[in-house]
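Structure record follows, encoded as structure tokens.
The values are calculated or read from the model by the stated rules, or taken from the named source; none is laboratory data. All of these numbers come straight from a predicted model, not from anything done at the bench. Heads up, the Cβs are rebuilt from the backbone with ideal geometry, glycines too, and the neighbour counts pull from every protein chain shown. Accessible surface is based on the protein model in full, side chains and every heavy atom, while ligands, DNA and RNA are left aside. Shrake-Rupley method; radii C 1.70, N 1.55, O 1.52, S 1.80 Å.
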Amino acid sequence: SDSKSKPKHSTWTQILKECRINGTRVFPYTEAELQKFLEEKFLTEFGNSDSSWERWWKTEAVVSQSNVNVRRCESSNNILVIIRGHTFRVGGKNSRGMGGSFEEQLVAFQSLQRHVITPLLRNMWNVVVGVDTIVLEKRLVELREAMISSFSGVLGVYFRPNKGKNGLQTDGWHSTIQWAKQLMNSTCPGSMGLFIARADIKWTTDLPLPTPTDSPGLVLASWPKGELPSGRDHVADCFFFIAHDQIRNFEETLLALSRESKRDLHDVQDFWPDYNNRPIGYVCPELVLDSNPSFMWNPFYSLIGRRISSWSPLNGKDLNSAIAACGIYQNQGMKQNNTFSQQVSVAVPE
């Protein structure tokens, strides 16, 4: 439940007691379900080893603030927000250094709370957070502290750290989707949307994501970044919103991309199965920007451990007009009479 305690497995009473924070269960399970879950853990992983318990508690256990009431979801207005990739990251595009400061990673998580989670809550979403990150073992305690200090108002916060391995970007995203589906089944079975973003993003402006009513059928990237040889959009890939009814299509697209070793999520439109009927949409369809804010300024985020460019290919009225179109989804897989939109206000660099 926090960095100062870990469960022992002497008795079920002690386990259940230590799986509570101020009397609130941090697992969204009944006590019988929790007992079954832990029994399976014992049989397959732990045996009689306290060190195994400690290792599991540091890596797979639920993280939750004391003021968060973890409960089963009772409506269809549910969304799983997953942050993934390297934490404490430093260096440029090709760097995988993880020697960045605790303060910068904390700011990144807090900006997610302020500019993504809070607007989702305001739009009547029930939010569950999943942290699926690459982290050095020696920094696990720091990462858990950053999570506990950052997220509030959510149904629960789940943690799956890993050491990372060399492989395709799309394989990593597919693994995240698989974990997301497990979380959905154990927290909010049924209809649950998905938002996935990089863990090293420092958000600077509220992200105008759809409301639960307006989300069916939508898959949204941030914005286009250019054109592929096929004539379809080259896509900025730092975050995606995926409606529940499109998760299967997105998963199949990731598998198709993985079979092409030189293709990545920037090329997702070429592999989208419903492209001719309903291509992937955008949070900001009229912005045409690189996803790396070190190359081009964008109105929504920077990346920790990197410089921030002040240059944009759009300026003046063109830039203001493109920003004004952010958060308008009626022509992106929605019914034509839908008029959902959100006003976006950002500070434009001079």
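Please determine whether any residue of region 243-262 is part of a loop (DSSP other than H, G, I, E, B) and basic (Lys, Arg).
Yes, that holds for at least one residue.
For region 310-327, what are the residues that are part of a loop (DSSP other than H, G, I, E, B) and either at pLDDT 90 or above or surrounded by fewer than 17 Cβ atoms within 10 Å (Cβ to Cβ) (or both)?
Within region 310-327, Ser310, Trp311, Pro313, Asn315, Ala325, Cys326, Gly327 qualify.
Restricting attention to region 208-228, does a residue exist that is of a type in the set (Val, Ile, Thr), closer than 23 Å to Ser294 by Cα and in contact (Cβ under 8 Å) with a residue 24 or more places away in the chain?
No; the residues of region 208-228 include none that is of a type in the set (Val, Ile, Thr), closer than 23 Å to Ser294 by Cα and in contact (Cβ under 8 Å) with a residue 24 or more places away in the chain.
Looking only at region 84-111, count how many residues are modelled with pLDDT of 90 or more and part of a strand (DSSP E or B).
Qualifying residue count for the region: 1.
Which one is nearest to Leu265 (Cα to Cα), of the residues in region 181-211 that are open to solvent by less than 20 Å² (accessible area, probe 1.4 Å) and among the β-branched types (Val, Ile, Thr)?
Ile196
Out of region 113-138, which residues are part of a helix (DSSP H, G or I), farther than 22 Å from Asp214 by Cβ and either open to solvent by less than 30 Å² (accessible area, probe 1.4 Å) or modelled with pLDDT of 95 or more (or both)?
Gln113, Arg114, listed by residue number.
I need a count of the residues in region 139-159 that are farther than 30 Å from Asp214 by Cβ and of a type outside the set (A, V, I, L, M).
Counting residues in region 139-159 that are farther than 30 Å from Asp214 by Cβ and of a type outside the set (A, V, I, L, M) gives 6.
Output the number of residues of region 237-263 satisfying the condition of being closer than 19 Å to Pro224 by Cβ and open to solvent by 50 Å² or more (accessible area, probe 1.4 Å).
Number of matching residues: 1.
What's the total number of residues in region 268-309 that are open to solvent by less than 60 Å² (accessible area, probe 1.4 Å), in contact with a strand residue (DSSP E or B) (Cβ under 7 Å, 6 or more places away or on another chain) and free of Cβ contacts under 8 Å to residues at least 24 places away in the same chain?
Adding up the residues that qualify gives 1.
Tell me yes or no: at least one residue of region 212-231 is under 24 Å from Ala108 (Cβ atoms), open to solvent by 10 Å² or more (accessible area, probe 1.4 Å), in contact with a strand residue (DSSP E or B) (Cβ under 8 Å, 6 or more places away or on another chain) and not in a loop (DSSP other than H, G, I, E, B).
Among the residues of region 212-231, at least one is under 24 Å from Ala108 (Cβ atoms), open to solvent by 10 Å² or more (accessible area, probe 1.4 Å), in contact with a strand residue (DSSP E or B) (Cβ under 8 Å, 6 or more places away or on another chain) and not in a loop (DSSP other than H, G, I, E, B), which makes the answer yes.
Counting only residues that are part of a helix (DSSP H, G or I) and either in contact (Cβ under 8 Å) with a residue 60 or more places away in the chain or in contact with a helix residue (DSSP H, G or I) (Cβ under 7 Å, 6 or more places away or on another chain) (or both), how many does region 144-177 have?
15
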